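Student: Handing you a structure now.
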Amino acid sequence: MATPLVHIWRQREVVTADTMNKYVRDVHKFLYTPPACKVTLRQRGTFSGSNPADAVDRGKWLTFNKWLTFPMYLPGKGSAPNEEYDNTGGAMIQSSGNLWRLTAPEDGLYAVTFGGVIETNGESNNVHLRLGKNQLTDADWTSGYAPFASHCPGRVHHATNGSSRYMGSISTTINLKKGETVSAGGVADKDYVLANRTMPGRSFLELRWVGRLP
């Protein structure tokens, strides 16, 4: 549903069924269910003891000091299907396979909420997460224009498979034009894995329309 027009009511204006539907009913309907999508992130890279068949770049650790994009599951197909959704009927999903970005279906202000897990091959000194706008390739994470929010995740005490686990989150608001996209990326200074598949719902990305562009 397109962003509804704001009607300026005039004094003594004759109210009709059409104006009530267009400027009251449709506005309320849009505000009640604004465009929103939440997906869980697909594991990228693998390590001994946890080698899921649906992982991206399966069979290897990811190369240290190289920024990489978190892949995503289609809504309802991920590791936490009951928490995933797309209320736009696919307008925020521009893929039928691996999903790398969420797309804004309308101009507006969007709330972006992200949670990410990175596991490293040993204790790392530098682990980082980023959100990027209109990111098309992994190289865009270091190009200077794509990232718009970042966070250094904190290490948690428990880990598996001889790895060190780091978890972080980002919550922000960004202006997006229709068709612009949001992606998440990560990096570590030791070989690493993005989004542990055995931790449902810990790695996710949500994009929600919250208002008009100023």
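Student: Going through segment 133-176 one residue at a time, which ones are in a loop (DSSP other than H, G, I, E, B) and either of a type in the set (A, V, I, L, M, F, W, C) or at pLDDT 95 or above (or both)?
Tutor: Leu136, Ala146, Cys152, Val156, Ala159
Student: If I ask for residues that are out of contact with any strand residue (DSSP E or B) (no Cβ under 7 Å at 6 or more places or on another chain) and outside any loop (DSSP other than H, G, I, E, B), which ones from segment 39-56 would you list?
Tutor: Ser50
Student: Scanning for something under 25 Å from Asn51 (Cα atoms), of a type in the set (Lys, Arg) and assigned to a strand (DSSP E or B), does segment 180-200 turn up at least one residue?
Tutor: No, because not a single residue in segment 180-200 is under 25 Å from Asn51 (Cα atoms), of a type in the set (Lys, Arg) and assigned to a strand (DSSP E or B).
Student: Only one residue in Gly78, Gly59 is assigned to a loop (DSSP other than H, G, I, E, B) and at pLDDT below 90. Which one?
Tutor: Every option except Gly59 fails the conditions.
Student: Could I ask something else about it? Which of (1) within 22 Å of Leu176 (Cβ to Cβ); (2) of a type outside the set (Gly, Ala, Ser); (3) surrounded by 19 or more Cβ atoms within 10 Å (Cβ to Cβ) is the odd one out, the single condition Leu136 does not satisfy?
Tutor: Here Leu136 meets the rest and fails (3).
Student: Would you point out which residue out of Phe64, Phe70 is under 14 Å from the mean Cα position of the chain (by Cα) and closer than 28 Å to Ser163 by Cβ?
Tutor: Phe70
Student: Looking at (1) open to solvent by less than 20 Å² (accessible area, probe 1.4 Å); (2) of a type outside the set (Phe, Trp, Tyr); (3) assigned to a loop (DSSP other than H, G, I, E, B), which one does Thr88 not meet, given that it meets all the others?
Tutor: (1)
Student: If I filter segment 37-76 down to residues being without any contact (Cβ under 8 Å) to a residue 24 or more places away in the chain and charged (D, E, K, R), which single residue comes out as nearest to Ser150 (Cα to Cα)?
Tutor: The qualifying residue nearest to Ser150 (Cα to Cα) is Asp57.
Student: How many residues are of a type in the set (Gly, Ala, Ser) and over 18 Å from Ile174 (Cβ atoms) if we restrict to segment 92-125?
Tutor: 5
Student: Of the numbered conditions (1) modelled with pLDDT under 95; (2) within 19 Å of the chain's Cα centre (by Cα), Leu41 fails exactly one; give the number of that condition.
Tutor: Single failed check for Leu41: (1).
Student: Go through (1) part of a loop (DSSP other than H, G, I, E, B); (2) in contact (Cβ under 8 Å) with a residue 24 or more places away in the chain; (3) in contact with a strand residue (DSSP E or B) (Cβ under 9 Å, 6 or more places away or on another chain) one by one and return the number of the condition Ser95 breaks.
Tutor: Every condition holds for Ser95 apart from (2).
Student: Sticking with this one: For Asn125, indicate whether it is open to solvent by 60 Å² or more (accessible area, probe 1.4 Å), in contact (Cβ under 8 Å) with a residue 40 or more places away in the chain and under 19 Å from Gly45 (Cα atoms).
Tutor: Taking the combined requirement at face value, the residue does not satisfy it.
Student: Could I ask something else about it? How many residues does segment 173-200 hold that are over 12 Å from the mean Cα position of the chain (by Cα) and either loosely packed, with under 15 Cβ neighbours inside 10 Å or under 23 Å from Asp140 (Cα atoms) (or both)?
Tutor: 19
The values are calculated or read from the model by the stated rules, or taken from the named source; none is laboratory data. Bear in mind that the values here come from a model prediction, so they are computed numbers and not experimental data. Positions of Cβ are backbone-derived with ideal geometry, glycine not excepted, and every protein chain shown enters the neighbour counts. SASA here: full protein model, heavy atoms, side chains in, ligands and nucleic acids out. Shrake-Rupley method; radii C 1.70, N 1.55, O 1.52, S 1.80 Å.
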